[in-house]
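Q: Next up is a structure, given as C-alpha cells.
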Amino acid sequence: MKFQKGELKTLWPFYLDYMLSPMLHFAPAFMIVFFRDLNFSLFQIGLLLAAFPLFALIFELPTGAFADLYGRKASCLLGYFIEGIGFLSIFFFRDYYLILAAFALIGFGSTFSSGSKEAWVADLIKSKDKDYLHDYFIKSQSFDSAALVVSGLVGAFFVKIYGAQVIFIMAAISFLMSIAILTFAEEAYVDNRKKSSFKESFNGIGKQGGAAISYSKKHPVLFYFFIASAILMVSYGFNSEITWIPFLQDLGLPDYAFGYLFSLTALVGVFAPSIGKRFYKGGNERSFLSKSIFIWGILALSIFFVNSIVMAFGLIMLMDFFDLWKRPAERVYFHRYVPSNLRASIGSVETLIVSLAAIITLPAAGYVVDVIGPRYGIMIAGLFAIVAAGIYYRIRDDD
C-alpha cells in the first residue's frame, strides 16, 4: 500500500488505531448470546439495542456543539472514554435496567466521536495543504475491515475460554487503546474557528436543519430516497443479530463460533464494495440499487429452505455481499442530488430517519422472534426489502 509524501507522518495514529483497536471490539458478535444466557427475551434485547440509537439521536446536536467549541480531538477522545466506561459497566451488571442504562450511556458517548473524528482528520489534512483525504477513507476502511477479520477469531478464542462476559472487558480495552493511540495525533489549529455560545450554535443548527428538511420534502428524488432508506432500515432490523443469532443457535451453532461468522462477514466487507463498483456506471446507480436490494430480499425469503449451519453461513455471506457491494453506489446516488450548502444537514436528516426506523424496528423484531420464531423474522426482512427495491425502481432520476 502506497502513501503520499507526508501522509504517514501526519495520519499514522489514525491508521494505527484502525489496524489495532477493532481487533478487540468483537462484542457485537456475542452480545445477544450473552443476554440470552441471562434469560432476557428477544423483545427485551431489542429494547437494549434500540437504546443506543435513541440516546445517540437525542444528544447528537448538543455534542456537535461541544466539538465546535472545544475541538474535535477533545470531543472524540471524551466519547471513546464514555463508551469504554459503558461497556465495562455491563461486565458487572446483571440487572436488566442497569444494562439498559449502560447502553444509553454508550449511545450518549458515541455522539461525541461519531462526526468529530472525521472532521478532525479533514481539518488536519486541509491544514497541511494536502489532497489525500480520499486515500485516507479508502485505507482506513481497508485497515478496519482487515482488523475485524482478526477480531472474530480473537473473540472466538476468548469466549471459548472465558465465556461471553469477557467481550465487555475487551471492548473497554479497545476504546482505551484508541485513546492511547490518538493522543499522539495532531489537531489542526484553525484560527478562524468560531467560538460561538451553545445558544448560538443551537439557533444556527435549527435554521440549517429546517432548511434541510424543507428541501428534502420537496425534492422528487431525495423524498423517495429517504422513504426507501427508512423501509430498508426496517428490513435490516428484522435481518440483524436479533434474528440470526437465535436462528443459528437453534441449528446448534456453539456460542464461541459466532466469532468465526463475524470474521467471515468482515472478510466479505473487504472485497464486496470494490467488486460492486465494476457492475455499475455513473448515472445508472438507481437501477443497480433497485436490482441489488431485490436480490437481497429474495435471498432473505429463501431462509425458509435453510436447515443446516452450512446453508445458513452461505446465505449470510451472499446477503452481506449484495448489501455491501451496493454501498458506494448508494452514497454516490445520494450526494448527486444534495446541494453543497446543505450537504451535512441533509446527511443529518438521513441519520434521523434511519435512526428512528431502527429504534422502532429492533424491539418489534425481538417480539416477532419471541412469538413466531427467527426464521419468519428474516422472511419479513425480505418482504420489506422488496418494497424498498420497488420504490427505488419508480424514482425518476430526471426530475
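The values are calculated or read from the model by the stated rules, or taken from the named source; none is laboratory data. Keep in mind it's a predicted model, so treat the numbers as computed, not measured. As a convention, Cβ positions derive from the backbone with ideal geometry for all residues, glycine included, and neighbour counts pool all protein chains shown.
Q: For the stretch 124-134, which residues satisfy the criterion of being part of a helix (DSSP H, G or I) and touching a helix residue (DSSP H, G or I) at 6+ places or on another chain (Cβ under 7 Å)?
A: L124, I125, L133
Q: Hey, can you tell me all the residues within the stretch 213-248 that are touching a residue at least 60 places away in the same chain (Cβ under 8 Å), farther than 21 Å from G382 by Cβ and of a type in the set (S, T, N, Q)?
A: Once the filter is applied, which keeps residues that are touching a residue at least 60 places away in the same chain (Cβ under 8 Å), farther than 21 Å from G382 by Cβ and of a type in the set (S, T, N, Q), the stretch 213-248 yields only S216.
Q: Taking the condition over 20 Å from G152 (Cα atoms) and in the same structural domain as A180 (by TED's automatic domain parsing), does E83 pass? Lay out the reasoning, then the answer.
A: Working: over 20 Å from G152 (Cα atoms): yes; in the same structural domain as A180 (by TED's automatic domain parsing): yes.
Yes; evaluated as a whole, the condition is true for this residue.
Q: Take the conditions in a helix (DSSP H, G or I), hydrophobic (A, V, I, L, M, F, W, C) and buried (at least 21 other Cβ atoms within 10 Å of the Cβ) and apply them to F262. Does it pass?
A: In short, yes.
Q: Go through the residues of the stretch 271-293 one by one and say whether even a single one is assigned by TED's automatic domain parsing to the domain that holds S355, within 18 Å of A29 (Cα to Cα) and not hydroxyl-bearing (S, T, Y).
A: Looking through the stretch 271-293, none of the residues is assigned by TED's automatic domain parsing to the domain that holds S355, within 18 Å of A29 (Cα to Cα) and not hydroxyl-bearing (S, T, Y).
Q: Looking at the stretch 4-32 only, could you name the residues that are more than 20 Å from I179 (Cα to Cα), over 20 Å from the mean Cα position of the chain (by Cα) and touching a residue at least 24 places away in the same chain (Cβ under 8 Å)?
A: The answer is Q4, G6, E7.
Q: K217 versus (1) of a type outside the set (S, T, Y); (2) over 30 Å from F43 (Cα atoms); (3) in the same structural domain as L88 (by TED's automatic domain parsing); (4) at pLDDT 80 or above: which is the lone unmet condition?
A: Here K217 clears every test but (3).
Q: Right, next: Among the residues of the stretch 173-199, which ones are under 19 Å from H25 (Cα atoms) and either at pLDDT below 55 or hydroxyl-bearing (S, T, Y) (or both)?
A: Matches in the stretch 173-199: S174, S178.
Q: Do any residues in the stretch 337-352 that are over 13 Å from A211 (Cβ atoms) and in the same structural domain as S216 (by TED's automatic domain parsing) have Cβ atoms under 8 Å from those of residues that are surrounded by 14 or more Cβ atoms within 10 Å (Cβ to Cβ) and modelled with pLDDT under 75, where the two are at least six apart or on different chains, and which pairs are they?
A: Going by the 8 Å Cβ cut-off, the qualifying pairs are T351/E60.
Q: Separate question: Which one is modelled with the highest pLDDT, of the residues in the stretch 333-343 that are exposed (fewer than 15 other Cβ atoms within 10 Å of the Cβ) and assigned to a helix (DSSP H, G or I)?
A: So, considering only residues that are exposed (fewer than 15 other Cβ atoms within 10 Å of the Cβ) and assigned to a helix (DSSP H, G or I), the one modelled with the highest pLDDT is R336.
Q: If you go through the stretch 207-251, how many residues are closer than 25 Å to A364 by Cβ and not in a helix (DSSP H, G or I)?
A: Counting residues in the stretch 207-251 that are closer than 25 Å to A364 by Cβ and not in a helix (DSSP H, G or I) gives 3.
Q: Then there is this: Taking the stretch 145-169 on its own, how many of its residues are polar (S, T, N, Q) and assigned to a helix (DSSP H, G or I)?
A: Going residue by residue through the stretch 145-169, those that are polar (S, T, N, Q) are 145, 151, 165.
If we keep only those that are assigned to a helix (DSSP H, G or I) too, we end up with 145, 151.
The number of residues fulfilling the criteria is 2.
Q: Take the stretch 291-301 and flag every residue that is farther than 30 Å from G252 by Cβ and either modelled with pLDDT of 95 or more or surrounded by 20 or more Cβ atoms within 10 Å (Cβ to Cβ) (or both).
A: Hits for the stretch 291-301 are S292, I293, F294.
Q: Scanning for something at pLDDT below 95, touching a Pro at 6+ places or on another chain (Cβ under 8 Å) and either under 21 Å from F137 (Cβ atoms) or not β-branched (V, I, T) (or both), does the stretch 302-318 turn up at least one residue?
A: The answer is no, given that none of the residues of the stretch 302-318 is at pLDDT below 95, touching a Pro at 6+ places or on another chain (Cβ under 8 Å) and either under 21 Å from F137 (Cβ atoms) or not β-branched (V, I, T) (or both).
Q: Name the pairs whose Cβ atoms lie under 9 Å apart, with the first residue in the stretch 260-278 and at pLDDT below 85, the second of a type in the set (D, E) and surrounded by 15 or more Cβ atoms within 10 Å (Cβ to Cβ), and 6 or more positions between them or separate chains?
A: Once the first residue is at pLDDT below 85 and sits in the stretch 260-278, its partners that are of a type in the set (D, E) and surrounded by 15 or more Cβ atoms within 10 Å (Cβ to Cβ) give G269/D144; G269/D320; A272/D320; A272/D323.
Q: Only one residue in G107, G84, G155 is crowded, with 16+ Cβ neighbours inside 10 Å and either at positive phi or out of contact with any Leu (no Cβ under 8 Å at 6 or more places or on another chain) (or both), so which one is that?
A: None of the other options fit; the residue is G155.
Q: Something else about it: Between a first residue in the stretch 358-374 that is in the same structural domain as S235 (by TED's automatic domain parsing) and closer than 14 Å to E241 by Cα and a second residue that is of a type in the set (S, T, N, Q) and buried (at least 23 other Cβ atoms within 10 Å of the Cβ), which pairs have beta carbons less than 7 Å apart while being 6 or more apart in sequence or on different chains?
A: That search, which allows pairs on different chains as well, returns A365/T243; V369/T243; P374/T243.
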